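Before any comments, here is the structure.
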Amino acid sequence: MSNKGFTLIELLVVIAIIGILASIVLVTFPGAQDKAKDSRIISALAQARTSMVLIHDEDSAYTNLACSVLTDPCTCLNSDITPLCTDVAKNGGTFNVVVVGSAPNDLACISSPVNSGSGNFYCVDDSGVAKQTTAACVAATARCP
């Protein structure tokens with residue numbers, strides 16, 4: 001009579017291997033979540049830059065970029081900006097708007113901290129700049145650093 005099946009040692013080895021693989025996945029998973037949240041923040045700011053240009057074309061000013069609450073829930077003067085501000089807040093960012101000057105020659109910049117790394121920001125401005133920086137928008141010039 002032949003015995004078919006696994007021995008206790010074989011089962012313990014398989015369980016140990018599964019445990020090691022699971023621990024590797026759990027260690028790398030938080031970094032992937034931060035990168036996904038950063039992608040959402042960057043995408044929202046890129047859309048905000050497009051909306052920024054459209055707002056200026058319609059109103060000849062960036063004053064409608066203003067948001068009264070910069071975290072979730074956001075309340076912005078322009079209905080196109082509100083969901084973008086809310087999306088940034090839901091992903092751990094803060095929707096920072098800087099407007100300098102008066103219409104029609106005013107300047108605008110939007111930035112948010114990102115989750116991966118410390119002190120990193122993503123910044124967009126009305127001149128077409130969109131980049132990751134070490135600081136938020138420069139308040140005096142409404143430009144990305």
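Of all the criteria given as (1) more than 19 Å from residue 58 (Cβ to Cβ); (2) part of a strand (DSSP E or B); (3) among the small types (Gly, Ala, Ser), the one not satisfied by residue 108 is (1). I'd like the residue in segment 23-73 that is touching a strand residue (DSSP E or B) at 6+ places or on another chain (Cβ under 9 Å) and at pLDDT below 85 and, out of all such residues, is nearest to residue 121 (Cα to Cα). Among those that are touching a strand residue (DSSP E or B) at 6+ places or on another chain (Cβ under 9 Å) and at pLDDT below 85, it is 70.
Here segment 33-61 is the region considered, the condition is being basic (Lys, Arg) and touching an Asp or Glu at 6+ places or on another chain (Cβ under 8 Å), and the residue that is surrounded by the fewest Cβ atoms within 10 Å (Cβ to Cβ) is 40. Number of residues in segment 62-106 that are among the charged types (D, E, K, R), surrounded by fewer than 20 Cβ atoms within 10 Å (Cβ to Cβ) and touching a Lys or Arg at 6+ places or on another chain (Cβ under 7 Å) equals 1. Just to be sure before I move on: is residue 87 over 23 Å from residue 32 (Cα atoms) and of a type outside the set (Ser, Thr, Tyr) in the structure I sent? For residue 87, the condition - over 23 Å from residue 32 (Cα atoms) and of a type outside the set (Ser, Thr, Tyr) - is not met.
Taking segment 1-17, which residues are under 50 Å from the mean Cα position of the chain (by Cα) and either assigned to a helix (DSSP H, G or I) or at pLDDT 85 or above (or both)?
8, 9, 10, 11, 12, 13, 14, 15, 16, 17 - these are the residues of segment 1-17 that are under 50 Å from the mean Cα position of the chain (by Cα) and either assigned to a helix (DSSP H, G or I) or at pLDDT 85 or above (or both).
The values are calculated or read from the model by the stated rules, or taken from the named source; none is laboratory data. Since we're looking at a predicted model, the values are computed, not measured. Don't worry about glycine lacking a Cβ; one is built from the backbone with ideal geometry, like all the others, and counts go over all protein chains shown.
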